[in-house]
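The values are calculated or read from the model by the stated rules, or taken from the named source; none is laboratory data. Not measured: the values here are computed from a predicted model. Please note: Cβ atoms are built from the backbone with ideal geometry, for glycine as well, and neighbour counts cover all protein chains shown.
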């Protein structure tokens, strides 16, 4: 089969034979066909589809099981939800309705931004696990996976993450599946294809997906601030901006991001996280220069309408960096922001979130826990087969003593089995001598070191915000 489309007249049929009480969830329902006569198949529950292109075939994931479909009209289009629990746990009706209600609000906000939906039906396939998390976008569907606790009462952070994931993958309907880099308008799967724009396609989607959660009311402002606090802890803990730009991070995705090593956080950056932070900075500056007339979310809609599949006013398919830059500088307040965009994406520089939030009348402060300034070693740990060091921060006081894969055994003779026990053993010892015992390749070793004080990173967003901030919170449905 060729890598780009197939010859005229060469049809491909996908057939699935299932147990009688099973059904299939797939966006391929758009392309039904008569089931071929498979004489070696028994049973009557056989379904077939005839995707017209290889892109549709590869994109059309199928989930087959005995789980029910939960369907609802949203913004004039039928949306289906299929939930499967990996451990066989029962999903309560209240949880299903809560997901559908949230999706309904998200869809309405996306429609207010992009216009009428570019498909006739949409499928959300949701897997519930004991801990795994991830998602993948498709033309008219998404497959997402979260820990099942996201549906439990009082699990606010897990629920917040589920809503964020649903919004993120849904936004990919426009930004990735329809608005693509020029080289990806038609994928050539016979060779490796790379892009320098993952900071836009993934980092930008992370930013706007969460902004839509906020604007739609699925998240409260408190939800957004708490999630930003979580991201800021990761953002400030990394130091890879000295060695890698966003465009390089995008280009080297398969070399670095999905193959992390103990020193990844100080030598590389994530185009997801750093890209999102860059979007916040540019959005704040755009709103300031336009006196609130422009917001960065409209750039996403503008670029899809100019360059995206299914656009009602298409100019040219596909984008490059220059198209993003041109769109930004054409907006009210964006005339000179091309220089800022180039600098933050192409240079090795850490975006200034404090300056961005100041534009909105907001600021960061250290949380109470971080104000304690207890003893700190700057370690990243794993609890598999002992308390093992998997990485050290660049400013760790034991960086030149301890190594990745060392097993941390004790502090001042106190046995350690968990990060919480390490925290207890270090309490009140900032600036004092401590004795560390480790196992290195089954060899017991002891070291003495002066424990550093806990870093007081400013990660908590405070303040009520000004008019620009209040305007950013407003739903596009109100305009």
Scanning the range 216-229 for residues that are in contact (Cβ under 8 Å) with a residue 40 or more places away in the chain, part of a helix (DSSP H, G or I) and within 18 Å of the chain's Cα centre (by Cα) gives 223, 225, 226, 227, 228, 229
Any hit, the range 430-447, residues being closer than 29 Å to residue 236 by Cβ, in contact (Cβ under 8 Å) with a residue 60 or more places away in the chain and touching a strand residue (DSSP E or B) at 6+ places or on another chain (Cβ under 7 Å):
no
Quick one: would you say residue 282 is buried (at least 20 other Cβ atoms within 10 Å of the Cβ) and part of a loop (DSSP other than H, G, I, E, B)?
no
When you go through 333, 386 one by one, which is the residue that is more than 17 Å from residue 458 (Cβ to Cβ) and in contact with a helix residue (DSSP H, G or I) (Cβ under 8 Å, 6 or more places away or on another chain)?
333
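Quick one: which residue in 173, 163 is out of contact with any strand residue (DSSP E or B) (no Cβ under 6 Å at 6 or more places or on another chain) and part of a loop (DSSP other than H, G, I, E, B)? Spell out how you get there, then give the answer.
Working: 163 fails: part of a loop (DSSP other than H, G, I, E, B).
None of the other options fit; the residue is 173.
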Among 259, 289, which is the only one that is free of Cβ contacts under 8 Å to residues at least 60 places away in the same chain and under 15 Å from residue 328 (Cα atoms)?
289
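Conditions (1) modelled with pLDDT under 95; (2) closer than 30 Å to residue 284 by Cα, marked per residue:
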| site | (1), (2) |
| --- | --- |
| 370 | yes, yes |
| 378 | yes, no |
| 396 | yes, no |
| 443 | no, no |
| 461 | no, yes |
| 477 | yes, yes |
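If I ask for residues that are assigned to a helix (DSSP H, G or I) and either at pLDDT below 90 or not assigned by TED's automatic domain parsing to the domain that holds residue 353 (or both), which ones from the range 230-239 would you list?
Within the range 230-239, the first condition is being assigned to a helix (DSSP H, G or I), and the residues that meet it are 230-237.
Correct list: 237 only.
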Read through the list (1) in a loop (DSSP other than H, G, I, E, B); (2) farther than 30 Å from residue 464 by Cβ; (3) in contact (Cβ under 8 Å) with a residue 24 or more places away in the chain, then give the number of the only condition that residue 423 fails.
(1)
Could you grab me the full set of residues in the range 89-134 that are closer than 22 Å to residue 303 by Cβ and either part of a strand (DSSP E or B) or free of Cβ contacts under 8 Å to residues at least 40 places away in the same chain (or both)?
111, 122
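Listed here are the residues, each with its yes/no results for (1) over 27 Å from residue 31 (Cβ atoms); (2) in contact with a helix residue (DSSP H, G or I) (Cβ under 6 Å, 6 or more places away or on another chain); (3) surrounded by 22 or more Cβ atoms within 10 Å (Cβ to Cβ).
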position	(1), (2), (3)
142	no, yes, yes
148	yes, no, no
152	yes, no, no
203	yes, yes, yes
213	yes, yes, yes
Of (1) under 19 Å from residue 94 (Cα atoms); (2) within 11 Å of the chain's Cα centre (by Cα), residue 150 satisfies all except one. Which?
(2)
Considering residues that are surrounded by 12 or more Cβ atoms within 10 Å (Cβ to Cβ) and assigned to a helix (DSSP H, G or I), the number found within the range 442-479 is 9
Say whether the condition of being in a helix (DSSP H, G or I) and loosely packed, with under 15 Cβ neighbours inside 10 Å is met by at least one residue in the range 249-266.
yes
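Is it the case that residue 146 is at positive phi and in contact with a strand residue (DSSP E or B) (Cβ under 9 Å, 6 or more places away or on another chain)? Let's see the steps before the verdict.
Numbers: at positive phi: no; in contact with a strand residue (DSSP E or B) (Cβ under 9 Å, 6 or more places away or on another chain): yes.
Answer is no for this residue.
Could you tell me whether residue 322 is without any contact (Cβ under 8 Å) to a residue 12 or more places away in the chain and more than 24 Å from residue 117 (Cα to Cα)?
On the way: without any contact (Cβ under 8 Å) to a residue 12 or more places away in the chain: yes; more than 24 Å from residue 117 (Cα to Cα): yes.
It is true that residue 322 is without any contact (Cβ under 8 Å) to a residue 12 or more places away in the chain and more than 24 Å from residue 117 (Cα to Cα).
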